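Undergrad: Sharing a structure with you now.
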Amino acid sequence: MRDSLIDAVLAKSRNLRTGCEPLVTEPGASMAASQPPVRLGGTMNSTTAVAPDRPLGEPSPQGARSAPLRLAVIDSDSGFLHVLEKRVRARGWQQRVVPGAVPVEELVALRLGALVIDLSVLGASGWAYLEQVCTALPALPTIVCTGPSTVAERVRALRLGADDWLAKPCHPEELIARIEAIVRRGRVAAPPAERQALEAGELSIRSDQFQAFVGTRSLDLTRREFELIRLLAGNAGHVLEREAIYQRVWGYAMAHGDRSVDVFVRKLRQKLERASPQWRYIHTHFGVGYRFAPERVDAGGSQSQGASPMDGELTAEHLLQ
């Protein structure tokens, strides 16, 4: 008991210097057992055997034990890292401190379950690195946890592909809760029954790869683009309102005047038209939203019989964007 009190006082002292709230330890919480954070270049050892990794969100086989989540943190705040590492260990996760903008290939080799980035550590190159990571690893939950920011900076990060933004000073427990929520949403979004490829026209939508293909050619979709086409294709034939799309894909309510859905639909259409020019997949319902319905385009450029009368509106929408 005396040791616990001393540890809490020391942690509070560190936090006062770094701006992080003190660690709150629940009575009886286990602080046992995993290795301390390992710097890049070492191995992530543990006394507990690690099960082979599965695609993000895939549940363990019934009766099997889940592999511990591997968390990488790009941060230099020693006080924050100290408190966060204790919380991470208490959950049986594994934490690794990454010293800076390591190559994406090294992040892949770590087989991560989540990534936390303090953009201030990376300096002027932080934004480019965030975009690179989110584009190359769209299935990796990525949270920006950094100092004071503007609305424009937070919006920029989210549109580049970050899943969340948390401003310091913050409590590590909130950061962990946000990571858990993102991973949980991934599990709900892709239950086992939906992981089979969804075929539509020439398109094959693969939830297990977070990607869409025409034949063997990848459309190189970003994470948001993939989540958007998966949502639309999963509700084929139904008109989805913009607000509902935003809530499902971005995870929160759409602000008045926000054009994010329209912009991402436009980008998605451009990729679909390049890869599958003989088909039209996404149709506009002005003032409402969008409908997914694969329809073949004839040699003259018009849609086949049964096509929706959205062609003129589609051109108008592109002009508006």
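Undergrad: Kindly check whether there is at least one residue in segment 158-168 that is surrounded by fewer than 17 Cβ atoms within 10 Å (Cβ to Cβ) and more than 17 Å from the chain's Cα centre (by Cα).
TA: The answer is yes, given that some residue of segment 158-168 is surrounded by fewer than 17 Cβ atoms within 10 Å (Cβ to Cβ) and more than 17 Å from the chain's Cα centre (by Cα).
Undergrad: Separate question: Within the group Ala255, Ala236, Ala244, which residue is in contact with a strand residue (DSSP E or B) (Cβ under 6 Å, 6 or more places away or on another chain) and either over 30 Å from Gln95 (Cβ atoms) or assigned to a loop (DSSP other than H, G, I, E, B) (or both)?
TA: Working: Ala255 fails: in contact with a strand residue (DSSP E or B) (Cβ under 6 Å, 6 or more places away or on another chain); Ala244 fails: in contact with a strand residue (DSSP E or B) (Cβ under 6 Å, 6 or more places away or on another chain).
It is Ala236.
Undergrad: Given the criterion free of Cβ contacts under 8 Å to residues at least 24 places away in the same chain and over 25 Å from Phe226 (Cβ atoms), identify the matching residue among Pro148, Pro169.
TA: Details: Pro169 fails: free of Cβ contacts under 8 Å to residues at least 24 places away in the same chain.
Being free of Cβ contacts under 8 Å to residues at least 24 places away in the same chain and over 25 Å from Phe226 (Cβ atoms) holds for just one of Pro148, Pro169, which is Pro148.
Undergrad: Having 2 or more residues that are among the acidic types (Asp, Glu) and farther than 29 Å from Glu273 by Cβ is the bar; report the helices (runs of 4 or more DSSP H) wholly within segment 87-201 that clear it.
TA: Values: elements: 104-110, 119-122, 126-136, 151-160, 172-189.
Filter on segment 87-201 gives 104-110, 172-189.
Undergrad: Would you say Ala152 is of a type in the set (Gly, Ala, Ser), farther than 24 Å from Val88 by Cβ and in the same structural domain as Asp75 (by TED's automatic domain parsing)? Quick ask: steps written out before the conclusion?
TA: Details: of a type in the set (Gly, Ala, Ser): yes; farther than 24 Å from Val88 by Cβ: yes; in the same structural domain as Asp75 (by TED's automatic domain parsing): yes.
Yes; evaluated as a whole, the condition is true for this residue.
Undergrad: Also, quick follow-up: So Arg178 fits all but one of (1) over 22 Å from Leu69 (Cβ atoms); (2) over 11 Å from the mean Cα position of the chain (by Cα); what number is the exception?
TA: (1)
Undergrad: Related question: Identify, please: which residue in segment 117-145 is touching a residue at least 40 places away in the same chain (Cβ under 8 Å) and under 11 Å from the mean Cα position of the chain (by Cα) and is, among those, nearest to Ile176 (Cα to Cα)? Quick ask: steps written out before the conclusion?
TA: Going through segment 117-145, the residues touching a residue at least 40 places away in the same chain (Cβ under 8 Å) turn out to be 117-118, 121-122, 134-135, 138-141, 145.
If we keep only those that are under 11 Å from the mean Cα position of the chain (by Cα) as well, we get 134-135, 138-141.
Values: Cys134: 20, Thr135: 23, Pro138: 20, Ala139: 18, Leu140: 15, Pro141: 12 Å.
Among residues in segment 117-145 that are touching a residue at least 40 places away in the same chain (Cβ under 8 Å) and under 11 Å from the mean Cα position of the chain (by Cα), the one nearest to Ile176 (Cα to Cα) is Pro141.
The values are calculated or read from the model by the stated rules, or taken from the named source; none is laboratory data. Keep in mind the model is a prediction, meaning the values are calculated, not measured. Every residue, glycine as well, gets a Cβ built from its backbone with ideal geometry; the counts of neighbours run over all protein chains shown.
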